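Undergrad: Mind looking over this structure? Questions follow.
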Amino acid sequence: KTGDEIWTVDYPDGFSNVPAPAYSRDHGIVFIATGFNSPTFIAVRADGSGNVTDTHVAWTLRRGAPLTPSPLVVGDEVYIVSDTGIATCLDILTGEQRWRERLGGNYSASPLFVDGRIYFQSEEGITTVVEPSTEFIELARNEVNGRTLASLAVSEGAIFLRSDSHLYRIETPGR
């Protein structure tokens, strides 16, 4: 309500922070990708005050932390994809790896959850669709022309995908 600072967390090895933080309201945890230099993915319990670095960091992941794509919270898991195409599903509370899968390609776009599916969009124009699950279940793989750096967008039942040469609208006919 006031804009006053409630808490801070230190991560001195990060800079050029591109990924947006994600928050799990059900679990009270904020997920932060620290950016370039020494990328780290941090889970911070959001109920602290002051500098919570020593008291509220629930867990930390160094291997496979994204530099550019933002994390995605779905249910009891958090999903990330590294810039080099390694997708990982982690338990929200413990950081325990549920699965890790090489999707192929490079990633700048953040994953998207819509209609019970997770979409990972590579820079090479390939979208890998997976089931939100504690095991890796690929549902589909689709390709469009052109490079795709932007994250997918959703509006009125349609997915919008922008490449370097086209804007695509994808939806189920008759919706």
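Undergrad: With of a type in the set (S, T, N, Q), over 25 Å from T148 (Cβ atoms) and free of Cβ contacts under 8 Å to residues at least 60 places away in the same chain as the only criterion, which of S122, S38 stands out?
TA: Checking each option against the conditions leaves just S38.
Undergrad: Can you list the strands (runs of 3 or more DSSP E) found entirely within the range 3-88 that contain at least 3 residues being closer than 13 Å to P111 by Cα, among the hydroxyl-bearing types (S, T, Y) and touching a Pro at 6+ places or on another chain (Cβ under 9 Å)?
TA: Output list is empty.
Undergrad: Something else now. Being under 19 Å from P71 (Cα atoms) and surrounded by fewer than 16 Cβ atoms within 10 Å (Cβ to Cβ) is the filter here; which residues of the range 150-168 pass it?
TA: A153, V154
Undergrad: If you don't mind, another one. Quickly run through the range 92-117 and pick out the residues that are in contact (Cβ under 8 Å) with a residue 40 or more places away in the chain and not polar (S, T, N, Q).
TA: Answer for the range 92-117, where residues must be in contact (Cβ under 8 Å) with a residue 40 or more places away in the chain and not polar (S, T, N, Q): I92, L93, G95, Y107, A109, P111, L112, F113, V114.
Undergrad: It is to be established whether one or more residues within the range 3-16 are of a type in the set (S, T, N, Q), buried (at least 16 other Cβ atoms within 10 Å of the Cβ) and at pLDDT below 95.
TA: First, pick out the residues of the range 3-16 that are of a type in the set (S, T, N, Q): 8, 16.
Filter again for buried (at least 16 other Cβ atoms within 10 Å of the Cβ), leaving none.
No, that holds for no residue.
Undergrad: Within the set of pairs 6 or more residues apart or between chains, which connect a residue that is touching a residue at least 12 places away in the same chain (Cβ under 8 Å) inside the range 126-153 to a residue that is surrounded by fewer than 12 Cβ atoms within 10 Å (Cβ to Cβ) and of a type in the set (S, T, N, Q) with Cβ atoms less than 7 Å apart?
TA: N145/S165; G146/S165
The values are calculated or read from the model by the stated rules, or taken from the named source; none is laboratory data. Model, not experiment: these values are computed from the prediction. With ideal geometry, Cβ positions are generated from the backbone for all residues, glycine too; neighbour counts draw on all protein chains shown.
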